[in-house]
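Visitor: Dropping the structure in here first, questions after.
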Amino acid sequence: MLEKVRKAVFPAAGLGTRFLPATKAQPKEMLALVDKPLIQYGVEEAIHSGVHNIIIVTGRGKSAIEDHFDVSFELEHLLETRKKKDLLETVRAVSDMIDVAYVRQKEALGLGHAVLRARELVGNEPFSVILSDDVIDAETPCLRQLLDVYEFYHAPVLALMEVPRESISHYGVVDAEPVGHNGERGRLYRIRNLVEKPKVDDAPSNLAIIGRYILTPEIFQSLEAISPGSGGEIQLTDGLKHMLRSRPIYGYKFEGKRYDAGDKLGFLQATVEFALKRHDLGEAFRDYLKHLPL
Ligand code: UTP
C-alpha cells in the first residue's frame, strides 16, 4: 500500500435540508462565503496541505459544482474582450486549480455510503475526506495538521473539537485517551469508541468529530459490513467503529476556528468574520457594522 496521502474525497451529495429553500435548486457546497463557494475553501485547504487529487461525490442537482471547476469559455472570452484582467485570472485560477474526478451517489443514503462511492477512484491507498460545510480557518490548514499525525503513525486520524454539552447530539462523538508527547501539545488522542449523534446523557465525552478525516482503504470493507444506523443512513462513524476492532484510530484536536457553514447561524458567523478579514472589504464592512443600531 502507498503511504502518501494524495487524494481528497469531498462528499457533496447531501440534501442540505437545514438550508432550504436556498438548497432546493442549488448545492449547499456552492453557497458563497463572501465571494467563494464553500467547496472551494475545502479544495484550497487540500491543495495547501499538499493533496492535489480531488474526488467529488455529487448527487442530483449538483452540476453547478462541476461547472464551477470547469473552464468557462464564454465568460473568459467576455472578460478578455472587456479587458478585465484581474477577474479573468480569478476565474482561470479556479479551473486550473485541480485535477478533479466526479462520482455519483444516486440517493443520499448517508455520509458513509457517499465515501463508499469513491472506492474505485481511491483504490488501495490512504486518502483524506473533507466535508466542505465545515469551514476551518487555521494558520496551518487543518488537513495538514492531521497529515502530520498520519505520517508518524500510519493509522487513520480524525479531526476532533470540544463542543458544548447541549449540542453534542448533533455530532459523532468519541471516547478517547490522550497519547503522545510534548510534540503534540496534548492534542493527540487514541480512540476507544465512537458514537453517532448520542443523547446528551449517553455521550462518552465532549469531543466531537469534525469534517476532516485521514482514512486507510480498510474503511471500505467496514462500510460494506455495517447496517444503516442513526437516521436510517450508512454512517461513517459506524464504519470507523467497525474498523476500530482491527486497527488503532487516532484523533487530533486541531488548532483553528471551525464554522458550521451548513447551518444558518454558523454560515452567518463565517460570512461576517471572513469579510472582516478581507483586505478589500474589511475596513468598510467594520465601519458599516459599527453604525448598526445593535
Ligand atoms: P450533513 O450531515 O450536513 O447532511 O452531511 P446534508 O444532507 O448535507 O445537510 P442537512 O443536514 O440536511 O442540512 C455532511 C456531509 O456529507 C455529505 C453532505 O453533502 C455533506 O458534505 N453527504 C451526506 C453526502 O454526500 N451524502 C449523503 O447521503 C449524506
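The values are calculated or read from the model by the stated rules, or taken from the named source; none is laboratory data. Note that the coordinates shown come from a computational prediction; the quantities given were computed from them, not determined experimentally. Note: ideal-geometry Cβ built from the backbone for every residue, glycine included; neighbour counts use all protein chains shown. For accessibility, only protein heavy atoms count, side chains too; no ligands or nucleic acids. Shrake-Rupley method; radii C 1.70, N 1.55, O 1.52, S 1.80 Å.
Visitor: Can we say residue 247 is charged (D, E, K, R) and within 26 Å of residue 120 (Cα to Cα)? First the steps, then the outcome.
Guide: Working: charged (D, E, K, R): yes; within 26 Å of residue 120 (Cα to Cα): yes.
It is true that residue 247 is charged (D, E, K, R) and within 26 Å of residue 120 (Cα to Cα).
Visitor: Does residue 120 fit the bill of being away from the ligand (no atom under 14 Å from the Cβ), in contact (Cβ under 8 Å) with a residue 12 or more places away in the chain and either touching a His at 6+ places or on another chain (Cβ under 7 Å) or within 20 Å of residue 221 (Cα to Cα) (or both)?
Guide: In short, yes.
Visitor: I would also like to ask the following. Restricting the first residue to region 1-30 and requiring it to be within 16 Å of residue 60 (Cα to Cα), which pairs with a second residue that is more than 7 Å from the ligand (Cβ to nearest atom) and assigned to a strand (DSSP E or B) meet a Cβ separation below 6 Å and a spacing of at least six or different chains?
Guide: Every condition considered, the pairs that remain are 10/56; 10/130; 12/56; 12/58; 13/58; 30/37.
Visitor: Could I ask something else about it? Determine which member of the set 239, 231 is on the phi > 0 side of the Ramachandran plot, within 16 Å of the ligand (Cβ to nearest atom) and either surrounded by 22 or more Cβ atoms within 10 Å (Cβ to Cβ) or assigned to a helix (DSSP H, G or I) (or both).
Guide: Numbers: 239 fails: on the phi > 0 side of the Ramachandran plot.
That would be 231, the only listed residue that is on the phi > 0 side of the Ramachandran plot, within 16 Å of the ligand (Cβ to nearest atom) and either surrounded by 22 or more Cβ atoms within 10 Å (Cβ to Cβ) or assigned to a helix (DSSP H, G or I) (or both).
Visitor: Among what's in region 173-207 and is in contact with a strand residue (DSSP E or B) (Cβ under 8 Å, 6 or more places away or on another chain) and of a type in the set (Asp, Glu), pick the residue that is surrounded by the most Cβ atoms within 10 Å (Cβ to Cβ).
Guide: Our first condition is that a residue be in contact with a strand residue (DSSP E or B) (Cβ under 8 Å, 6 or more places away or on another chain); within region 173-207, this holds for 173-180, 184, 186-198, 202-207.
From what is left, the residues that are of a type in the set (Asp, Glu) are 175, 177, 184, 196, 202.
On the way: 175: 14, 177: 9, 184: 17, 196: 22, 202: 11.
Selected residue: 196.
Visitor: Of 226, 210, which residue is farther than 26 Å from residue 45 by Cβ, open to solvent by less than 40 Å² (accessible area, probe 1.4 Å) and either within 16 Å of the ligand (Cβ to nearest atom) or without any contact (Cβ under 8 Å) to a residue 12 or more places away in the chain (or both)?
Guide: So the residue among 226, 210 that is farther than 26 Å from residue 45 by Cβ, open to solvent by less than 40 Å² (accessible area, probe 1.4 Å) and either within 16 Å of the ligand (Cβ to nearest atom) or without any contact (Cβ under 8 Å) to a residue 12 or more places away in the chain (or both) is 226.
Visitor: Oh, and also: Can you tell me which condition residue 197 does not meet? The list is (1) within 15 Å of the ligand (Cβ to nearest atom); (2) modelled with pLDDT of 95 or more, and all the others hold.
Guide: For residue 197, the exception is condition (2).
Visitor: Shifting gears a bit: Out of the residues in region 254-263 meeting the condition of being more than 16 Å from the ligand (Cβ to nearest atom) and in contact with a Cys (Cβ under 9 Å, 6 or more places away or on another chain), tell me which one is least open to solvent (accessible area, probe 1.4 Å).
Guide: In this case the residue turns out to be 254.
Visitor: Spot the failing condition for residue 169; the list is (1) open to solvent by 80 Å² or more (accessible area, probe 1.4 Å); (2) outside any loop (DSSP other than H, G, I, E, B); (3) free of Cβ contacts under 8 Å to residues at least 60 places away in the same chain, and only one is missed.
Guide: (1)
Visitor: What number goes with the only condition from (1) in contact (Cβ under 8 Å) with a residue 40 or more places away in the chain; (2) more than 16 Å from residue 40 (Cβ to Cβ); (3) surrounded by fewer than 16 Cβ atoms within 10 Å (Cβ to Cβ) that residue 86 does not pass?
Guide: (1)
Visitor: Another question, if that's okay. As an exercise: evaluate residue 251 against (1) modelled with pLDDT of 95 or more; (2) open to solvent by 30 Å² or more (accessible area, probe 1.4 Å); (3) not in a loop (DSSP other than H, G, I, E, B) and give the number of the one condition it does not meet.
Guide: The failed condition is (2).
Visitor: Within region 182-225, track down each residue that is part of a helix (DSSP H, G or I) and of a type in the set (Val, Ile, Thr).
Guide: Those that are part of a helix (DSSP H, G or I) and of a type in the set (Val, Ile, Thr): 200, 219.
Visitor: Name the single residue, out of those in region 1-57 being hydroxyl-bearing (Ser, Thr, Tyr) and within 8 Å of the ligand (Cβ to nearest atom), that is surrounded by the most Cβ atoms within 10 Å (Cβ to Cβ).
Guide: Once the filter is applied, the top-ranked residue is 23.
Visitor: Inspect all residues belonging to region 90-113 and state whether any of them is closer than 16 Å to residue 39 by Cα, in a loop (DSSP other than H, G, I, E, B), within 15 Å of the ligand (Cβ to nearest atom) and at pLDDT 85 or above.
Guide: Looking through region 90-113, none of the residues is closer than 16 Å to residue 39 by Cα, in a loop (DSSP other than H, G, I, E, B), within 15 Å of the ligand (Cβ to nearest atom) and at pLDDT 85 or above.
Visitor: Looking at residue 75, is it over 18 Å from the mean Cα position of the chain (by Cα), within 15 Å of the ligand (Cβ to nearest atom) and open to solvent by 40 Å² or more (accessible area, probe 1.4 Å)?
Guide: On the way: over 18 Å from the mean Cα position of the chain (by Cα): yes; within 15 Å of the ligand (Cβ to nearest atom): no; open to solvent by 40 Å² or more (accessible area, probe 1.4 Å): yes.
So residue 75 does not fit the description; no.
Visitor: Next question, about the same structure. Do any residues in region 46-60 that are closer than 25 Å to residue 139 by Cα have Cβ atoms under 6 Å from those of residues that are hydroxyl-bearing (Ser, Thr, Tyr) and buried (at least 19 other Cβ atoms within 10 Å of the Cβ), where the two are at least six apart or on different chains, and which pairs are they?
Guide: 51/128
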